[in-house]
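First up is the structure itself, then whatever we jot down about it.
Here, each number is a calculation from the coordinates, and none is a lab measurement. What you are looking at is a predicted structure, and each value in this text was computed from that prediction instead of being measured. Here the Cβ positions follow ideal geometry from the backbone for every residue, glycine too, while neighbour counts run over all protein chains shown.
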Amino acid sequence: MDNQNSFGSRQMFQGNWTCSQCGAAITELPFEPSGDQPLFCRDCYRQKRGNRPARQSGPRQMFQGNWTCSQCGAAITELPFEPAPDQQVFCRDCYRKNRGN
């Protein structure tokens, strides 16, 4: 299946897939399926997503610490997650640069 379309800045992948839940035809997805995960049409995806617990609202929990950016060496004192000791962490600027890749 090849990438034939673009919706805004998001790539869309064209193909002939079947919804794992209802059997409906799926011809376009915003990601390239790996083949080992179930695929869902929009209706089944929305239904399945609606059954999830709601996200917590309010400010995101931040973790304080003394880390060093794995790319540029800048000091990092606050992160939106608590990294594992062997996990790479990036400052905001390096994270944004890497996200585009």
Query raised in the report: Given +1 on the Cβ of Lys and Arg, -1 on the Cβ of Asp and Glu, and no further charges, what dipole in debye does the stretch 5-50 carry about its Cα centre, rounded to the nearest 20?
Result: 240
Query raised in the report: So between Ser20 and Phe63, what do we pick up on full extension, going 0.36 nm a residue minus the alpha carbon distance?
Result: 11.6 nm
Report summary line: Counting sequence-distant residues (5 or more places) and residues on other chains, those with an amide H built under 5 Å from that of Ser20 are Leu39, Phe40, Cys41
